[in-house]
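J.: Below is one structure. I have some questions about it.
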Amino acid sequence: MAKEITNRAENYSQWYQDIVKKADLADNSAVRGCMVIKPNGYAIWENMRDQLDRMFKETGHVNAYFPLFIPKSFLSKEAKHVEGFAKECAVVTHHRLMNDPNGEGVIVDPESKLQEELIVRPTSETIIWDAYRGWIQSYRDLPLLINQWANVVRWEMRVRMFLRTAEFLWQEGHTAHATRQEAMEETLRILDIYAKFAEEYMAVPVIKGIKTENERFAGADETFCIEALMQDGKALQAGTSHFLGQNFAKAFDVKFVNDKNEEEFVWATSWGVSTRLVGGLIMAHSDDSGLVLPPKLAPVQVAIVPIPKPSPEIGEVAEKIMKALRDKGISVKYDKDDQKRPGFKFAEHELRGVPVRLGIGMRDLEKGQVEVARRDTKEKTFTPLVGVADYVANLLDDIQQNLFNRAKKFREENTTVVDSFDDFKAIVETPKEGMPESWGGGFLSAHWDGTTETELRIKELTKATIRCIPLDGDEEPGQCILTGKPSKRRVLFAKAY
RNA sequence: CGGGGCAUAGCGCAGCCCGGUUAGCGCGCCUGCUUUGGGAGCAGGAGGCCGCAGGUUCGAAUCCUGCUGCCCCGACCA
């Protein structure tokens, strides 16, 4: 059939792409590395955005908007920061086009060269801290808790729908604080929000941790992250929260006067999640029939399919069910297309990841029941029409929980404690039965001597990197799996997206 | 940015090696009839500058050169 998708175990990345395309989430665009997010995909992002926005506001943050363009000179003010992003910046050099004198369309007007070139933001620390200098004088101006929803551009070599695109949508929080401790608390508060969002809304279990120096955000003193495991045994960094210390305050000369009338540099954080989360959501739950969405983020939570086709009787019942569901805040769609047969609609709603499908036929009406199909397990059952809204509401909760439990069980089964480099290598390199051919090996918990040199050597030998030093990891003396040198605790390795 | 593959109707493909009338097939689309509890059947119909630009030839989807885009695998990254 036209809508068939590649088997997940056969070719994971093709499977992923098939879902993105056939569930109508996104399209490739005329510009390499950029994508068109279609209504179906954008609706998922909107749900994510709305929930996160709520959580940010509940913790005292406000939204603002800073410019897309950053003067080139700003990037170089923070040495590490420029090092991190220089290789992937789009640069605006001119501001005008003109008709080609040779009649070949338009060309860049050479007369319109900018005095100072502009960088399309890869992230906004620099332009925001330049603005903050003017906003902050006293400790009474702090903390400054600002978030922005924006697009950013990072000129990536290799792109993948949602997971890594040249332009992507995200939120970036940029906060300013009077003390180191306050800034650190903010960094961790946001990390908790991200973890809660991932687990409770995306139904994706995450490990909270600290990045190694090597994986740290350019310009940060400390980077915290949430890491999730995808169904092909590879890790996905789902969100980062950075403790920036006074690096940007010093680079942009942002000082404040404390309550003892002393001048100090401001302490900072920044944090973000992006449309990458949509990619993570797809890879965490979906199956060979298509997208599987957690009810809390699904644009359509319930689809009602008349069997065999719409009729006044069925329509009347469907209306009643829809009203009852909507009264409970459940989004529902009545599929009244009379050209398509039920089987087609079933497959279509499964492909699009609708969590619950209700089927109503004349037989059901006679018996006063509806057929209920859940997307996560594909189980079907019948429930009385009376009380169907309560039944569905409970079922949605159950699906949400089941997806999380399933993903968590998968992660637990694919997290291995390793004590020798041979075992480590074997786990990373050995394909796993029933799993995609590109199996990444899952999470590996192992000892590491704490040096970047060893980290890079392990990456070179196995392609696995240190995803994080888990926050809840216990101190446990041991020996580095590569060098045998002493280690205080285990860290989490994986092949990563 | 390196290595490999692909580019033919909206989507998926055949044809190309070995050049030769109107370029095929499946799905989708349009019309009609019959169907209808898991991707309907029949009949008719529309839809193509064969990725782009050059070249070879009487003649190019097919051969040659260059370009562009996409995919896979590496290096880089969220």
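J.: Using modelled backbone amide H atoms (1.01 Å from N, in-plane), which distant-in-sequence or interchain residues come within less than 5 Å of A:S286's amide H?
T.: Under 5 Å from the amide H of A:S286: A:V292.
J.: With r defined as the distance between the Cβ atoms of A:D397 and A:D100 and R0 fixed at 51 Å, what FRET efficiency is calculated, to the nearest 0.05? Walk me through the numbers on the way to the answer.
T.: On the way: r = 62 Å, r/R0 = 1.21.
For A:D397 and A:D100, the calculated efficiency is 0.25.
J.: Give the residues of segment A:156-181 whose amide nitrogen is closer than 14 Å to a point set 7 Å from the Cα of A:S112 in the direction of its Cβ.
T.: none
J.: Amide H to amide H under 5 Å from A:I119: which residues, 5+ apart in sequence or cross-chain, H placed 1.01 Å off N in plane?
T.: A:I70, A:K72, A:V92
J.: Leaving ligands, DNA and RNA out of it, work out the accessible area of A:R375 with a 1.4 Å probe and give it in Å² to the nearest 10.
T.: Here the accessible area works out near 10 Å².
J.: Heavy atoms only, 1.4 Å probe, whole protein assembly: order A:E476, A:E455 by accessible area, highest first. Display every interim value, and only then the final one.
T.: Working: A:E476 70, A:E455 5 Å².
In descending accessible area the options line up as A:E476, A:E455.
J.: Moving to a separate point now. Could you tally the net charge around A:R121, taking each other residue with its Cβ under 11 Å from the Cβ of A:R121, Lys/Arg +1 and Asp/Glu -1? Working shown, then result.
T.: On the way: positive: A:R154; negative: A:E125, A:E167, A:E172.
Charge balance in the 11 Å sphere: -2.
J.: Additional query: So how much accessible area does A:Y42 have, in Å² to the nearest 10, using a 1.4 Å probe?
T.: Ignoring ligands and nucleic acids, A:Y42 comes out at about 80 Å².
J.: Charges at C-beta only: +1 for Lys and Arg, -1 for Asp and Glu. How large is the resulting dipole of segment A:125-245 about its Cα centre, in Debye rounded to 20?
T.: Values: 13 positive and 18 negative charges, 44 e Å.
It comes to approximately 220 debye.
J.: Taking the alpha-carbon centroid of each part, what is the distance from segment A:184-200 to segment A:301-328 in angstrom?
T.: Taking the Cα centre of segment A:301-328 as reference, the centre of segment A:184-200 is 39 Å away.
J.: Beyond a 19 Å Cα-Cα separation, which of these cross-linked pairs lie in this structure: A:K459/A:K495; A:K309/A:K336; A:K77/A:K255; A:K38/A:K378?
T.: Details: A:K459/A:K495 9 Å; A:K309/A:K336 7 Å; A:K77/A:K255 16 Å; A:K38/A:K378 26 Å.
Where the Cα-Cα span goes over 19 Å, the pairs concerned are A:K38/A:K378.
J.: Give me a comma-separated list of calculated 3J(HN,Hα) values for segment A:26-32, in order, Karplus coefficients 6.51, -1.76, 1.60 applied at θ = phi - 60°, integers in Hz, x for any Gly or Pro.
T.: For segment A:26-32, the Karplus curve yields 7, 10, 5, 10, 5, 9, 4 Hz.
J.: Going highest first, how would you order A:297-307, A:28-38 by mean Cβ packing within 10 Å?
T.: Output ranking for A:297-307, A:28-38: A:297-307, A:28-38.
J.: Still on this model: Simple spin-label model, 7 Å along Cα-to-Cβ: A:E58 to A:N214 in nm?
T.: For A:E58 paired with A:N214, the spin-label model returns 3.8 nm.
J.: Let me ask you something else. Once you list every other residue whose beta carbon is under 9 Å from the beta carbon of A:W149, what net charge do they have if Lys and Arg are +1 and Asp and Glu are -1? Before the final figure, lay out the partial values.
T.: Details: positive: A:R49; negative: A:D53, A:E172.
Combined, the nearby Lys, Arg, Asp and Glu give -1.
J.: Which percent of the accessible heavy-atom area of chain A goes to carbon and sulfur, probe 1.4 angstrom?
T.: Details: 11440 of 23140 Å².
Within chain A, the accessible surface is 49 percent carbon and sulfur.
J.: Please enumerate, by chain and number, the aspartates and glutamates with C-alpha under 14 Å from the C-alpha of A:K250, excluding those fewer than 8 residues away in the same chain.
T.: A:E78, A:E125, A:D130, A:D221, A:E263, A:E264
J.: In chain A, with Lys and Arg counted as +1 and Asp and Glu as -1 at Cβ, which of these residues, A:A393, A:I136, A:T212, has the Cα nearest the positive end of the dipole, that is, farthest along it?
T.: Projecting each Cα onto the dipole axis, the largest value belongs to A:A393.
J.: Among the aspartates and glutamates, which fall within straight-line cross-link reach of A:K234, defined as a Cα-Cα distance under 15 Å, with same-chain neighbours fewer than 8 residues apart omitted?
T.: A:E412, A:E413, A:E429, A:E437
J.: If you put +1 on each Lys and Arg Cβ and -1 on each Asp and Glu Cβ, how big is the dipole of segment A:74-138 around its Cα centre, in Debye rounded to 20?
T.: For segment A:74-138, the charge dipole is close to 300 debye.
J.: Moving to a separate point now. Compute the signed sum of charges (Lys and Arg +1, Asp and Glu -1) over the other residues within less than 9 Å, Cβ to Cβ, of A:R164.
T.: That sum, taken over residues with Cβ under 9 Å, equals +3.
J.: From largest accessible area down, sort A:K425, A:K113; use a 1.4 Å probe on the protein chains.
T.: If we order A:K425, A:K113 from most to least accessible, we get A:K113, A:K425.
J.: I've got another one for you. Computed FRET efficiency, Cβ-Cβ of A:F382 and A:M157, R0 35 Å: what is it to the nearest 0.05?
T.: In this case the efficiency is close to 0.10.
J.: List the relative contact order of segment A:399-450 as a percent without decimals, with contacts defined as Cα pairs under 8 Å and 6+ residues apart.
T.: Computed value for segment A:399-450: 39 percent relative contact order.
J.: Straight distance only, please: which aspartates and glutamates reach the Cα of A:K296 with their own Cα at less than 14 Å, same-chain residues fewer than 8 apart left out?
T.: Filter leaves A:E46, A:D50, A:E199, A:E200, A:D376, A:D397, A:D398.
J.: Go through A:R363, A:R54 and list them by solvent-accessible area, largest first, probe radius 1.4 Å.
T.: A:R363, A:R54
J.: So which trypsin sites (Lys or Arg not before Pro) in segment A:191-266 are both in a DSSP loop and have at most 14 other Cβ atoms within 10 Å of their Cβ?
T.: A:K260
J.: How compact and how long is chain A, expressed as Rg and Dmax of its alpha-carbon atoms in Å?
T.: 25.6, 80
J.: May I pose another question? Given only helices, namely DSSP H runs of n ≥ 4 each adding -39500 (n - 2.57), what is the per-residue ellipticity at 222 nm of chain A, to the nearest 500 deg cm²/dmol?
T.: Details: 14 runs with 163 residues, N = 497.
When only DSSP H runs of four or more count, the value is -10000 deg cm²/dmol.
J.: Heavy-atom accessible area of A:E167 with all protein chains present, probe 1.4 Å, nearest 10 Å²?
T.: Result for A:E167: roughly 70 Å² accessible.
J.: Right, another one. Just to be sure I understand the model, the point goes 7 Å from the Cα along the line to the Cβ. What's the resulting A:Y65 to A:R180 distance in nm?
T.: Output for this residue pair reads 3.9 nm.
The values are calculated or read from the model by the stated rules, or taken from the named source; none is laboratory data. As the structure is a prediction and not an experimental result, all values here were calculated from the model. Neighbour counts are summed over all protein chains in view; Cβ atoms, including those assigned to glycine, are modelled from backbone coordinates with ideal geometry. Remember, those area values only see protein heavy atoms, side chains included, never the ligands or the DNA or RNA. Shrake-Rupley method; radii C 1.70, N 1.55, O 1.52, S 1.80 Å.
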